[in-house]
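Written out below as structure tokens is the structure these notes cover.
The values are calculated or read from the model by the stated rules, or taken from the named source; none is laboratory data. Since this is a predicted model, take the numbers as computed values, not measurements. Using ideal geometry, Cβ is built from the backbone for each residue, glycine included, and neighbour counts are taken over all protein chains shown. Surface areas here come from the heavy atoms of the whole protein model, side chains and all, with no ligands, DNA or RNA. Shrake-Rupley method; radii C 1.70, N 1.55, O 1.52, S 1.80 Å.
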Amino acid sequence: MTPKEVLALCREKNIKAVDLRFMDFPGVWQHFTIPVDKLDEDVFEDGLGFDGSSIRGWQAINESDMLVLPQPETACVDPFRPIPTLTMICNIQDPITREDYTRDPRNVARKAVNYLKSTGIADTAYMGPECEFFIFDDIRYDQQANEGYYFIDSAEGQWNRGRDEKPNLGYKLRYKEGYFPCPPADQQMDIRNEMMQAMIDAGISIEAQHHEVATGGQAEIDMKFDALVPMADKVMMYKYIVKNVARKHGKAACFMPKPLFGDNGSGMHTHVSLWKGGEPLFAGSGYAGLSDMALYGIGGLLKHAPAILAFACPTTNSYKRLVPGFEAPVNLAYSQRNRSASVRIPMYSPSPKAKRLEFRCPDPSCNPYLAFSAILMAVIDGIQNKIHPGEPLDKDIYDLEPEELDKVPKTPGSLEAALQALRADHEFLLRGDVFTADVVDTWIWYKMTNEVQAMQLRPHPYEFCLYADI
């Protein structure tokens, strides 16, 4: 869509307001809104000013002025606003130099794609994330000097099977049995259908929606793969739609990786494939029907996985999901069917076009622009340096002898460990000026200061269960 076509769409749909959105550094959409008569073709070229110092991880207060430049191809009518509103995703520029801002996550993703093209390896990187989330009926939490707690609830939660609901009609999903019984056990089919239709209306191609494994309202809606940057755009619209449909029904959507103790967490398994000239590059005659290029790409992913996870699993809570026993991919290995391996090769279709890698570590708390870019840069490094991934892990990981299991590398056990891995291993991200040094340094500083150290300072509720009476 061109700027002229956006303006024509505004007239056709009787648009009254234009909502301009961009991504902050950690990964949350920000926005401001202008009257439609303030949108003209010059805005697409000249941009609009805003205060960058108020955005997390961005500018200092003495250099706060920034520009948003609406991207016409992202234009979409907002399905939730009562006043007809058009949304557009924006790129960020410095108003003086007119250079794209290094810490704009969308800029990082655009540079990653351009770097891929410059290598001659491929011209398109396709990403297919599987975003999981919970739909809760109630979510409360607080942290004060003298108290800290959380409380979440769901009508279908196993913990409510004995609650007096006047009447309690049963059908509470047992732990790990949410994949995937029909209604009435699945109490959220209709709300997921509404989410799915809103996504389709917003131009997102959907393949399926279903209940996920955990009790208490875990869900998944699968999008069709797309090129890296538009796919990251779609992840953000996906989360926006899920949250707003849930709120419309008096519920809360939660993309936190591990909100429930004792049941599966929410991942964002990400499928990756490279294409050139309209032809897939990952199909071949090797293991699981892979090409040498694909195997080298796996080698790059496994080598750099600990550093990648600083972006792909970027919260302290992420590492409560990455533990054995809940289908979590804690083993840095690859396999054609083993879901406990970090990299899986799906075998659903023999078509070369379907041949892809599934990196199972990421979770939906990530900034998709940064996570997808880090994944792509690791794949490129593996291909350029012909990093072989070693032998596949096709055995049931839980049947391995301890001595054999100890030989399988593991994912980092904490966000701090992942950040330390990123500090030690980020040269592959700097190639092509994709991730600049200030992006890596600021990410590590922000996460250590605002999340890792902040968590370390605060008592945990379970510590009282362990120690209050000693």
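From the list ARG110, ARG81, which one is in a loop (DSSP other than H, G, I, E, B) and open to solvent by 10 Å² or more (accessible area, probe 1.4 Å)?
On the way: ARG110 fails: in a loop (DSSP other than H, G, I, E, B).
Going through ARG110, ARG81 in turn, the sole match is ARG81.
Scan the range 331-345 for residues that are open to solvent by less than 20 Å² (accessible area, probe 1.4 Å), part of a loop (DSSP other than H, G, I, E, B) and more than 19 Å from GLU279 (Cα to Cα) and jot them down.
Within the range 331-345, just SER340 meets the criteria.
Would you please name the residue that is nearest to the chain's Cα centre (by Cα), looking only at residues in the range 199-233 that are among the β-branched types (Val, Ile, Thr) and assigned to a strand (DSSP E or B)?
Per the criteria, the residue is ILE221.
Give all pairs with beta carbons closer than 8 Å in which a residue from the range 130-141 that is under 15 Å from VAL245 (Cα atoms) and free of Cβ contacts under 8 Å to residues at least 12 places away in the same chain meets a residue that is open to solvent by less than 60 Å² (accessible area, probe 1.4 Å) and acidic (Asp, Glu); count only pairs at least 6 apart in sequence or on separate chains.
Cβ pairs passing all conditions: none.
For the list (1) in a loop (DSSP other than H, G, I, E, B); (2) on the phi < 0 side of the Ramachandran plot; (3) surrounded by fewer than 17 Cβ atoms within 10 Å (Cβ to Cβ), I need the number of the one condition that GLU327 fails.
Just one mismatch for GLU327, condition (2).
Could you tell me which residue of the range 133-176 is most open to solvent (accessible area, probe 1.4 Å), considering only residues that are of a type in the set (D, E, K, R) and closer than 17 Å to PRO259 by Cα? Spell out the reasoning first.
Step one: filter the range 133-176 for residues of a type in the set (D, E, K, R), giving 137-138, 140, 142, 147, 153, 156, 161, 163-166, 172, 174, 176.
Pick out the ones that are also closer than 17 Å to PRO259 by Cα and you get 137-138, 140, 142, 153, 156, 174, 176.
Details: ASP137: 58, ASP138: 54, ARG140: 110, ASP142: 59, ASP153: 18, GLU156: 2, ARG174: 136, LYS176: 92 Å².
Looking at the filtered set, the residue picked out is ARG174.
Could you tell me which residue of the range 398-431 is modelled with the lowest pLDDT, considering only residues that are open to solvent by 70 Å² or more (accessible area, probe 1.4 Å) and basic (Lys, Arg)?
My answer is LYS407.
GLU5 is checked against (1) open to solvent by less than 40 Å² (accessible area, probe 1.4 Å); (2) in a helix (DSSP H, G or I); (3) closer than 18 Å to GLY203 by Cα and fails just one. What number does that condition carry?
(1)
Which one of these does GLU41 not meet: (1) within 24 Å of the chain's Cα centre (by Cα); (2) farther than 15 Å from ASP104 by Cα?
(1)
Residue under question is ILE387, and the condition is that it be surrounded by 13 or more Cβ atoms within 10 Å (Cβ to Cβ) and modelled with pLDDT of 95 or more; does it hold? Outline the logic, then answer.
On the way: surrounded by 13 or more Cβ atoms within 10 Å (Cβ to Cβ): yes; modelled with pLDDT of 95 or more: yes.
Yes; evaluated as a whole, the condition is true for this residue.
Counting only residues that are over 21 Å from PHE311 (Cα atoms), out of contact with any Ser or Thr (no Cβ under 9 Å at 6 or more places or on another chain) and hydroxyl-bearing (Ser, Thr, Tyr), which one in the range 244-297 is modelled with the highest pLDDT?
By that ranking, first place goes to TYR296.
So GLU358 fits all but one of (1) open to solvent by less than 10 Å² (accessible area, probe 1.4 Å); (2) in contact with a helix residue (DSSP H, G or I) (Cβ under 8 Å, 6 or more places away or on another chain); (3) farther than 15 Å from LEU429 by Cβ; what number is the exception?
Result: GLU358 fails condition (2) only.
Quick one: count up the residues across the range 94-107 that are surrounded by fewer than 19 Cβ atoms within 10 Å (Cβ to Cβ) and not charged (D, E, K, R). Don't jump to the end; show me each part of the working.
Kept after step one, since they are surrounded by fewer than 19 Cβ atoms within 10 Å (Cβ to Cβ), are these residues of the range 94-107: 94-100, 102.
Among the residues that remain, those that are also not charged (D, E, K, R) are: 95-97, 102.
Total satisfying the criteria: 4.
Could you run through the range 346-378 and say how many residues are in a helix (DSSP H, G or I), more than 25 Å from LYS258 (Cα to Cα) and under 20 Å from the mean Cα position of the chain (by Cα)? Lay out the reasoning, then the answer.
Let us first name the residues in the range 346-378 that are in a helix (DSSP H, G or I), namely 352-354, 368-378.
Restricting the remaining residues to those that are more than 25 Å from LYS258 (Cα to Cα) gives 352-354, 376-378.
In the following step, the residues that additionally are under 20 Å from the mean Cα position of the chain (by Cα) were identified as 376-378.
Residues meeting the conditions: 3.
For (1) assigned to a loop (DSSP other than H, G, I, E, B); (2) more than 29 Å from ALA125 (Cβ to Cβ); (3) without any contact (Cβ under 8 Å) to a residue 12 or more places away in the chain; (4) touching a Lys or Arg at 6+ places or on another chain (Cβ under 6 Å), each residue gets a yes or a no:
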| position | (1), (2), (3), (4) |
| --- | --- |
| ILE380 | no, no, no, no |
| LYS386 | yes, no, no, no |
| PRO412 | yes, no, no, no |
| GLN420 | no, no, yes, no |
| ARG431 | no, no, no, no |
| PHE435 | yes, no, no, no |
| ASP441 | no, no, yes, no |
| GLN453 | no, yes, yes, no |
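Give me a count of the residues in the range 20-44 that are farther than 30 Å from LEU309 by Cβ and either in contact with a Phe, Trp or Tyr (Cβ under 8 Å, 6 or more places away or on another chain) or free of Cβ contacts under 8 Å to residues at least 24 places away in the same chain (or both). Before you say what the answer is, go through the steps one by one.
First, the residues of the range 20-44 that are farther than 30 Å from LEU309 by Cβ: 20, 32-44.
Filter again for either in contact with a Phe, Trp or Tyr (Cβ under 8 Å, 6 or more places away or on another chain) or free of Cβ contacts under 8 Å to residues at least 24 places away in the same chain (or both), leaving 20, 32, 34-35, 37-38, 42.
Result for the range 20-44: 7.
Report yes if some residue within the range 289-311 is surrounded by fewer than 24 Cβ atoms within 10 Å (Cβ to Cβ), under 19 Å from the mean Cα position of the chain (by Cα) and within 22 Å of LYS447 (Cα to Cα); otherwise report no.
Yes: one or more hits.
Among LEU295, LEU302, which is the only one that is in a helix (DSSP H, G or I), over 20 Å from PRO368 (Cα atoms) and of a type in the set (A, V, I, L, M)?
Numbers: LEU302 fails: over 20 Å from PRO368 (Cα atoms).
Matching residue, one of LEU295, LEU302: LEU295.
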